[in-house]
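Read through the structure below, which is laid out as structure tokens, and then see the notes.
Every number in this text was worked out from the coordinates using simple rules, so none of it is lab data. Quick caveat: nothing in here was measured; it's all calculated off a predicted structure. Neighbour counts are summed over all protein chains in view; Cβ atoms, including those assigned to glycine, are modelled from backbone coordinates with ideal geometry.
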Amino acid sequence: MTDAALAAARRDLSRAYAGGAPGVFVSGLVWLVAGSVWQLHGTMAAFAALFVGGMAIHPLGLLIGRLFFPAPKATVGKPLETLAVEATIPLFVGVLIAWVLLVRAPDLAIPVFAAIVGARYFLFRTMYGDIAYWALGGAFLLIAAPTLFGFAWPVNIAFLIGGVELIFAASILRRWRRRT
């Protein structure tokens, strides 16, 4: 793919999905709900909230995008749409790994899942052309990694992740608006 074709594909995808900001916003809300569930009902219930909420991120993000940021749909068959679908496969592998950890090492399940989601965000830089996704992925890893090595944050990491995502959703939306 030439640089010009990549730039056009990024503009197309970014225009269709408001730079990805609605999805990041919904994901942040899902993490906050999971954090609340974690506090009230424990790790297993929080993981279930992440799983069910995670399945709702794309459709709810699309709905928010269509309602508040009307744009044409992305052109079908673009290479970046394929990358978006392919990026979902490692996410499913991450859910499987986190699910196994939920039984074998419950304290690691959600931090591992957060790290996997964060790693996935690095691909969004290529898809949307916004370096903020590298920073978002890095923030996820900076929150999750210490927890994997036994560091205890003052609040559960689902709250930290959710808060970071809401901040980044606002930033990504501002950046997207400046580009359009």
* **Helix-only CD estimate at 222 nm, as mean residue ellipticity for the chain, using -39500 (n - 2.57) per DSSP H run (n ≥ 4)** => -28000 deg cm²/dmol
* Work out how much length residue 55 to residue 7 would gain on full extension: take 0.36 nm times their residue separation and subtract the Cα-Cα distance, in nm to one decimal. => 14.4 nm
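Starting from the eigenvalues of the Cα gyration tensor, five times each then square-rooted, give me the equivalent ellipsoid semi-axes of the range 63-180, largest first, whole Å. Could you put the intermediate results ahead of the total?
On the way: eigenvalues 164, 63, 28 Å².
After diagonalising the Cα gyration tensor, the semi-axes are 29, 18, 12 Å.
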* Structure fact -> The long-range amide H neighbours of residue 130, using H built 1.01 Å from N in the peptide plane and a cut-off of under 5 Å, are none
* Sorted by average packing, counted as other Cβ atoms within 10 angstrom per residue and highest first, what order do 107-118, 57-68, 136-147 take? -> 107-118, 136-147, 57-68
* Asked: Just how many % of Cα pairs in the range 1-141 lie over 27 Å apart, if you round to the nearest whole percent?
  -> 24
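Provide Rg over Rh for the range 24-95; use the alpha carbon set for both Rg and the Kirkwood Rh (inverse mean inverse pair distance). Each step should come with its number before you reach the end.
On the way: Rg = 14.7 Å, Rh = 13.8 Å.
Value, to two decimals: 1.06.
Ranking 44, 1 by Cβ neighbours within 10 Å, fewest first, what do you get? Could the numbers behind the result be given before it?
Working: 44 14, 1 10.
By the 10 Å Cβ count, ascending: 1, 44.
How big is the dipole moment of the chain about its Cα centre under a simple scheme where the beta carbon of each Lys and Arg is +1, that of each Asp and Glu is -1, and everything else is neutral? Debye, nearest 20, please.
Working: 14 positive and 7 negative charges, 128 e Å.
For the chain, the charge dipole is close to 620 debye.
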* To do: State the extension gain, in nm to one decimal, for the chain segment bounded by residue 83 and residue 149, taking 0.36 nm per residue of separation less the distance between their alpha-carbons.
  => 20.6 nm
* Tell me, in nm to one decimal, what length is gained between residue 180 and residue 91 on full extension, where the rule is 0.36 nm per residue of separation less the Cα-Cα distance? -> 29.1 nm
* Enumerate the helices in the chain for which the Kyte-Doolittle hydropathy averages -0.5 or more and the C-alpha atoms extend at least 18 Å along the helix's axis, using complete DSSP H runs. => 3-16, 21-41, 43-68, 88-104, 106-128, 132-148, 157-179
